[in-house]
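Heads up: the structure comes next, in structure tokens.
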2 protein chains.
Amino acid sequence: MIEASHIDALKAMLGEKGLLTAAADMAAYETGARYDKGRAAFVARPASTEETSAVVAYCVTNGIALIPQSGNTGLVSGSTPDGSGTQGVLSLDRLTAPFELDRVNRTVKTGAGLRLSDLNGKLEESGLFFPIDLGADPRLGGMIATNTGGSRFLRYGDVRRNTLGLTVVLADAAGTVLDLSSDLRKNNTGIDWKQLFIGTSGAFGIVTECVLNLEPVPKQSATALLVPASAEQVATLLVAMEDALGSYLSAFEGMSGNAVRAALDHVPSLRNPFQGGIVPDYVILAEISRSSPPREGEQPLDAALEEVLAAIWERADAPLTDAFVGPPHEIWTLRHALSEGVKHSGRLIAFDLSFRRGDVMPFLDHMKAEMPEHFEDVTICDFGHIGDGGVHFNLVVAKDDPRLADPDFEADLRDWVFTAAVEQFDGSFSAEHAIGRKNQGFYDRYTPEKIRALAAGLKVLTSPGPLGTTTF
Amino acid sequence: MIEASHIDALKAMLGEKGLLTAAADMAAYETGARYDKGRAAFVARPASTEETSAVVAYCVTNGIALIPQSGNTGLVSGSTPDGSGTQGVLSLDRLTAPFELDRVNRTVKTGAGLRLSDLNGKLEESGLFFPIDLGADPRLGGMIATNTGGSRFLRYGDVRRNTLGLTVVLADAAGTVLDLSSDLRKNNTGIDWKQLFIGTSGAFGIVTECVLNLEPVPKQSATALLVPASAEQVATLLVAMEDALGSYLSAFEGMSGNAVRAALDHVPSLRNPFQGGIVPDYVILAEISRSSPPREGEQPLDAALEEVLAAIWERADAPLTDAFVGPPHEIWTLRHALSEGVKHSGRLIAFDLSFRRGDVMPFLDHMKAEMPEHFEDVTICDFGHIGDGGVHFNLVVAKDDPRLADPDFEADLRDWVFTAAVEQFDGSFSAEHAIGRKNQGFYDRYTPEKIRALAAGLKVLTSPGPLGTTTF
């Protein structure tokens with residue numbers, strides 16, 4: 001437990017609304033989106049960079065560990081306290097100001113506590129949006145800490161690509177505020193320090209404000225479901241689509257039949273779009289879109305997509321066995337329901353992997369072939385972003401499977417998957433979920449000693465205080 | 001001078017071809033692209049990462065400063081030795097291997113000593129290219145060290161955005177090789193260390209290999225010259241073009257009448273494209289392009305661009321007074337000749353600035369209005385990248401101007417420009433040329449003390465040995 005004098009001091013800084021200590025108030029901040037339930041010593045909710053700085057300075061000085069928490073939608077135990085009751089949660093949820101839109105610059109400066117949906121809601125009138133497309137609705141600070149990519153990475157890139165500036169509070173005794181809030185698109189005047197705080201799970205500082213690149217909202221789109229002739233043909237199909245469409249292609253997502261069936265089974269509002277209701281083994285969602293409005297005399301995008309697919313279809317070695325252009329909203333609703341569907345089809349053990357684009361299907365094939373030998377009755381319900389090599393590799397076991405009582409079972413499964421992904425396929429053990437407590441062991445295992453030593457040195461140099469769930 | 005034993009030791013490592021010491025052989029490596037002539041103790045030309053590591057380890061251990069040199073096309077005295085004769089040049093020019101193209105992944109792994117034109121030449125058959133469009137023809141390592149942007153930044157971004165992985169030799173006593181050569185597009189498993197070596201002028205390590213993102217070569221393009229109704233209307237025009245064209249718009253470049261006239265005067269092969277040969281005060285080059293091939297029934301891009309311009313033209317508050325779509329090759333030849341033209345029109349004092357997009361024209365207006373009061377007979381021959389806020393702010397004085405003999409003249413001019421750009425307009429003193437000896441004083445002046453302290457700490461942590469022309 002934490003001394004009462006600390007609670008009093010923090011309350012004096014932050015006021016009643018800014019510091020929660022009652023169990024009922026803290027419960028939501030102690031519980032992760034999918035896993036774990038920890039215990040917080042307190043939940044600090046600063047409403048400004050200055051308040052954040054004061055809290056951090058106090059906690060570092062007094063040796064109190066802080067766990068920064070943004071939207072708390074992450075899946076790697078990255079934003080909740082452990083069970084000790086000694087860690088404080090520092091929530092970004094009141095850091096929603098400012099909101100400074102620069103229409104000519106196509107940028108916005110805003111608080112790291114704003115939710116993605118709220119940001120895009122506020123931007124609606126401008127015709128611009130923050131182009132990271134996710135199933136979840138996180139707050140911006142967490143998106144920065146994990147460097148999320150999402151479903152339109154192929155067109156717009158990740159959070160890193162779309163971040164121009166940050167304001168950061170370092171975990172040192174002064175709670176130093178680093179003003180890296182540039183709104184310049186080109187600026188090469190030294191180290192680009194903001195990069196240190198992107199994708200590093202909040203261990204190097206707390207992001208309180210950000211300057212983001214915005215893009216014009218697409219004004220036309222067309223979406224198709226494609227059934228590849230075989231797993232090997234997925235790469236051929238991707239190259240054929242990019243050759244024909246170039247940067248028109250804004251999504252090229254893969255969905256396993258198992259994941260689609262799970263969504264159709266567990267999300268009753270979905271319509272089965274496949275002929276005769278028969279879900280194929282693997283399906284590609286392809287989208288083309290344009291930020292320019294339709295012009296008279298111009299071919300509608302649906303027709304353009306159909307034409308490209310027809311040309312690929314007519315090739316002697318057609319990498320397709322079926323393809324149909326459908327209503328974008330319906331298809332994307334299915335795509336975004338996969339996560340929900342998979343979650344409800346049993347006990348889910350999830351992995352967020354990435355590979356060279358050409359290695360996604362070989363990896364999946366390998367795992368499907370090897371799984372029965374290593375683990376029985378485990379269903380692979382993968383889906384992901386073939387266009388950027390990302391795979392949400394989901395494993396599902398029956399909820400009443402007795403192996404779930406054995407902690408070694410999940411550990412062995414994780415070990416087996418990561419060994420194949422990282423050691424055999426040169427992949428990443430975390431594509432866009434970052435590290436957190438869930439992946440700490442794999443960071444330690446797969447990061448070369450020299451890099452770990454440099455990271456530890458950089459941690460001491462910037463934010464020596466205990467911050468976050470990841471140990472660098 | 002350097003001890004003969006060091007030369008012998010380095011020659012033993014690198015062979016005859018790998019170590020130059022004769023004055024005639026070293027001259028080209030001692031001379032900058034535009035400014036200065038230094039004196040090298042030797043020129044080391046390692047042909048592999050291992051040789052680079054050996055040279056660096058030897059030099060760090062023996063206190064010999066190394067200046068990494070790539071294509072030596074930079075403009076900030078970043079790649080040449082000083083006049084002392086004690087610094088060795090480490091040239092990347094033999095580091096041209098490997099060349100591993102991954103067509104499905106759209107990436108290439110190659111040597112940092114390859115020239116941009118050679119890279120794109122080797123890629124030609126694949127239909128892909130490295131999408132950084134520059135007037136100069138640098139080698140890749142230097143492009144990484146300066147994080148160049150160029151004329152298609154608006155569509156493709158800078159080198160940072162297009163770099164997936166690096167192999168780097170640190171300036172420590174071991175010449176430690178950091179293998180950061182990931183070819184993954186999504187990988188959030190800790191600090192993204194490669195960022196430290198991008199845009200930091202080679203001070204933190206020597207890049208020997210890189211993994212780069214490639215894009216499909218555009219298969220159609222249309223280019224127009226636009227005359228804005230006024231300086232204020234340039235921002236209106238940019239927003240109107242982006243609203244109508246979205247990510248079709250692949251360039252939005254600004255050219256001052258002075259720069260265009262200088263090019264027409266000094267590059268005889270150019271044709272004057274303006275009506276009656278009268279060059280306007282300011283001209284915008286706008287380009288749209290598509291990586292998809294023209295399809296039957298689709299409007300040609302020229303017509304699409306004309307239509308968009310006509311719609312803008314018809315607005316009551318039209319931000320244009322003239323616009324014409326012309327032959328892309330001819331217009332881009334003019335654009336790329338500006339640098340050459342300006343260089344020949346007198347003694348050039350060049351600045352590479354950047355601003356919020358909306359501040360480019362107000363800055364130029366301000367400088368034009370203030371210049372005569374501060375400096376007489378200095379002509380502003382600016383051009384740049386309005387679409388990303390970059391301005392090549394070129395000042396030209398007559399070659400026989402007596403003030404050129406006074407070293408304070410250029411220093412005062414630089415001081416005046418940077419003060420306005422950075423302090424009045426929140427701009428950057430180096431958009432894409434990085435620091436080098438030329439901008440060291442401005443790094444020291446404009447970088448907050450805390451950031452400088454962190455940078456110095458990071459230098460000690462990673463590459464404590466003397467490396468490059470920039471002091472962090």
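Here the convex hull built on the C-alpha positions of the range A:4-91 has a volume of 87 cubic angstrom per residue. Neighbours of B:LEU245, meaning other residues whose beta-carbon lies under 14 angstrom from its beta-carbon, give a summed charge of -2 when Lys and Arg score +1 and Asp and Glu score -1.
Chain A comes nearest to the axis taking it onto chain B at the Cβ of one residue; that residue and its distance, in whole Å, are A:GLN195, 2. Peptide A:389-401 has a mean shielding of 1, counted as Cβ atoms of other protein chains within 10 Å of each residue's Cβ. To test your reading of the geometry: what angle, between 0 and 90 degrees and rounded to tens, separates the Cα axis of helix A:301-313 from the longest principal axis of chain A? Roughly 60 degrees between the two axes.
Taking Cα atoms only, the orientation of helix B:328-344 departs from the longest principal axis of chain B by about 60 degrees.
Rounded to the nearest 20, the Cβ-based charge dipole of the range A:346-433 about its Cα centre (Lys and Arg +1, Asp and Glu -1) stands at 300 debye. Toward the positive end of the charge dipole of the protein assembly as shown, with +1 on the Cβ of Lys and Arg and -1 on the Cβ of Asp and Glu, the farthest Cα among A:ALA244, B:ILE191, A:GLY150 is that of B:ILE191.
Each semi-axis of the equivalent ellipsoid for the range B:305-357 is √(5λ) with λ an eigenvalue of the Cα gyration tensor; in descending order they amount to 30, 17, 10 Å.
Cα centroid distance between the range B:1-64 and the range B:406-472, in Å? Centre-to-centre distance over Cα atoms comes out at 27 Å. Counting Cβ atoms of other protein chains within 10 Å of each Cβ in B:449-459 and taking the mean gives 4. Above 49 Å lies some portion of the pair distances; for the protein assembly as shown, what is it as a whole percent of all C-alpha pairs? That tail contains 23 percent of the Cα-Cα pairs. Each Lys or Arg adds one and each Asp or Glu subtracts one; over the other residues with Cβ under 14 Å from the Cβ of B:THR471, this totals +3.
In a simple Cβ point-charge model (Lys, Arg +1; Asp, Glu -1; nothing else charged), the protein assembly as shown has a dipole of about 1120 debye relative to its Cα centre. Note on the range B:16-127: antiparallel DSSP beta bridges, both residues inside, total approximately 45 percent of the bridges counted. Among the GluC sites (Glu not before Pro) found in the range B:265-360, those both in a DSSP coil and sparsely packed, with 16 or fewer other Cβ atoms within 10 Å of their Cβ, are B:GLU296, B:GLU314.
For the range A:346-433, the C-alpha radius of gyration divided by 2.2 N^0.38 Å, with N the number of residues, is 1.05. The Cα center of the range B:130-181 and the Cα center of the range A:348-367 differ in position by 29 Å. Distances between copies of A:ASP317, taken at a point 7 Å out from Cα along the Cα→Cβ vector and listed shortest first: 5.7 nm. The other copies place their A:ASP426 label points at 4.3 nm from this one, listed shortest first, where each point is 7 Å from Cα along Cα→Cβ.
Each peptide in A:20-30, A:426-436 gets a packing score, the mean of other Cβ atoms within 10 Å over its residues, and the list from highest to lowest is A:426-436, A:20-30. Of the trypsin sites (Lys or Arg not before Pro) found in the range B:247-298, those in coil by DSSP whose Cβ has at most 16 other Cβ atoms within 10 Å are B:ARG271, B:ARG295.
Each copy carries a label point for B:LYS219 at 7 Å from Cα toward Cβ; from one copy, the others' points are 2.4 nm away, ordered from shortest. Lysine pair count for the range B:1-155 with Cα-Cα distance under 28 Å and sequence separation of 8 or more or different chains is 5.
Taking Rh as the Kirkwood radius computed over C-alpha pairs, what is the Stokes-Einstein D of the range A:70-154 at 20 °C in a medium of viscosity 1.002 mPa s, expressed in µm² per second? Here the translational diffusion coefficient equals 152 µm²/s. Spacing of the modelled spin labels on A:ASN272 and A:LYS122, each 7 Å from Cα toward Cβ, amounts to 4.5 nm.
Note on A:THR419 and B:ARG295: the model spin-label points, each 7 Å out from Cα along the C-beta direction, lie 4.8 nm apart. Remark: chain A is approximated by an ellipsoid whose semi-axes, taken from the C-alpha gyration tensor as √(5λ), come to 39, 28, 20 Å, largest first. P(r) for the range B:220-338, from all Cα pairs and a bin width of 5 Å, is 2, 11, 23, 23, 19, 13, 7, 2, 0 %, short bins first.
The calculated FRET efficiency for the pair A:SER84 and A:THR321, based on their C-beta separation and a Förster distance of 56 Å, comes to about 0.55. Rounded to the nearest 5, the antiparallel percentage of DSSP beta bridges internal to the protein assembly as shown is 85%. Relative to the longest principal axis of the Cα atoms of chain B, the long axis of helix B:4-18 lies at roughly 50 degrees. Between the beta carbons of B:ALA27 and B:LYS219, assuming R0 = 41 Å, the FRET efficiency works out to 0.40 to the nearest 0.05. Calculated over the range A:208-289, the projected area of the Cα convex hull averaged across directions stands at 8.6 nm². Partner shielding of A:354-360 amounts to 6, given as the average count of beta-carbon atoms from other chains within 10 Å of each residue beta-carbon. Both numbers refer to the Cα atoms of the range A:111-246; Rg and Dmax are 17.9, 60 Å.
Any read-out appearing in this document is the output of simple, stated calculations on the displayed coordinates, not a laboratory observation. Since this is a predicted model, take the numbers as computed values, not measurements. Positions of Cβ are generated from backbone atoms using ideal geometry, with glycine treated the same way; all protein chains shown enter the neighbour counts.
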